[in-house]
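Data block below; observations after.
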Protein chains: 2
Amino acid sequence: MYSVLKNYINSRIQISETDLNLISEYFLPIKVKKKQFLLREGEICKHLWFVSKGCLRMFKEDRKGHEHILLFAFEEYWVGDRESVVSDKPSDYHVEAIEDSELLQISKEKLNDLYQQIPSFREMHIALQQRSFNKLQERMQKTLSFSAEEKYADIMNHQPEILHRVPLSMVASYLGISRETLSRIRANQLKR
Amino acid sequence: MYSVLKNYINSRIQISETDLNLISEYFLPIKVKKKQFLLREGEICKHLWFVSKGCLRMFKEDRKGHEHILLFAFEEYWVGDRESVVSDKPSDYHVEAIEDSELLQISKEKLNDLYQQIPSFREMHIALQQRSFNKLQERMQKTLSFSAEEKYADIMNHQPEILHRVPLSMVASYLGISRETLSRIRANQLKR
DNA sequence: ACGTTAGCGTGATGTACATCAATTAATTTT
DNA sequence: AAAATTAATTGATGTACATCACGCTAACGT
């Protein structure tokens, strides 16, 4: 269960075997079942999670009861509401497993300890944060400018994993279109 | 011109007068006229800019020639394509002055130097990055779930400055709606 | 002071997409 | 393996919003 994390870190920073083991000790392995929630809107998010197996989603529910997915987290992804973790604010989002999953959990306190102990681990997280921002900005731009069809084509090209692992209704929610529209777009694509 | 930057930093981190002056020396003051571009899509972004006076926009142009604004930068904002700066990639975005503006410019190299010299300055930037991400995530969520009318109401409540300083056509582009729709929404609001 | 351009508003029309409703297919449960 | 739930498809209809077209006003440049 830790090996996914170790590989992840190893491929990103220069680090010794001992340090890798030290890092691992900071994380608590947990298992969650499909449909289990790790965080609900209004709760303070106490942990970050690293996905070593499975898949989660982070989403917001609007007042009409519609869900809007902000993130799918597969293996080697981090999930959690960083803002809530950092500043003890109630979160706006839900985090839920969409497959039976294995996670490595770390609290704010331990994370800060770890940053102290292994500065390069912190650097890694800072770089990750930077990349996440860029990705999100790109998604923002595409959300603003793409038609439903273009959104689907784009996710096929750039995040096919989502298409293969997640129910289409959730893909639709991620793209900001209705599941019926997505269904029709897919039907049209086949005809070509 | 530097005083805006100094105030900005001072209100965010604990820092000496000497260090503030040292930091200032890393920045080159520049003036830009309204409609002047600091960055065009395809160019590598060589600098970050701190806005000490005026207002800029960062936007993407889609293939139909429509513009999609990702960021308005007023006084005390940072602009620039961080991804392009960091990794020397051609930028996807344009950066343009919407008002005659005064900026403090810093190159990647100088910025890295500065990070070394004044670690707390770097910490400040890291925290900023974190906040930007959270804001963007919130915007993403609103873009996905709000109607045109709700988007307008939201910007009135949370970013009235945008409404007062930038042309409505740009507000529309920022919200991801047409300028006509925005105009009609505003007309309706008056009737209540 | 003039023509020119930028900004905003408003009506008429079009359409991409949502919503509603019913059916079928796939998964999960027992 | 049947029953029950959940997910995906398909058609009919509705609507929020875009697009097109035009006029008005204010600001800008020469």
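Computed from the coordinates by the stated procedures, all read-outs in this text should not be read as laboratory data. Computed from a predicted model, the values in this text were never measured in an experiment. Cβ placement follows ideal geometry from the backbone for every residue including glycine, while neighbour counts extend to all protein chains displayed.
Remark on the stretch A:1-98: ratio of C-alpha radius of gyration to 2.2 N^0.38 Å is 1.18.
Distances between placed amide hydrogens fall under 5 Å for residue A:55 paired with A:98, A:99, all partners being 5 or more residues away or on another chain.
Residue A:102 label point (Cα plus 7 Å toward Cβ) to equivalent points in the other copies: 6.0 nm, shortest first. Comparing B:169, B:52, B:145 in a Gaussian network model of chain B where C-alpha atoms under 10 Å apart are linked, the largest mean-square fluctuation is found at B:145. For chain B, modelled as a GNM whose springs connect Cα atoms under 10 angstrom apart, the maximal fluctuation among B:94, B:47, B:158 occurs at B:158.
Mean sequence separation of contacting Cα pairs (under 8 Å, at least six apart), scaled by the length of chain A, corresponds to a relative contact order of 23 percent. The share of Cα pairs per 5 Å bin across chain B, counted from zero up to the longest distance, runs 1, 7, 14, 18, 19, 16, 11, 7, 4, 2, 1, 0 percent.
Apply the a/c threshold of 1.5 to the C-alpha gyration tensor of the protein assembly as shown and tell me whether it is rounded, prolate or oblate.
Note, shape of the protein assembly as shown comes out oblate.
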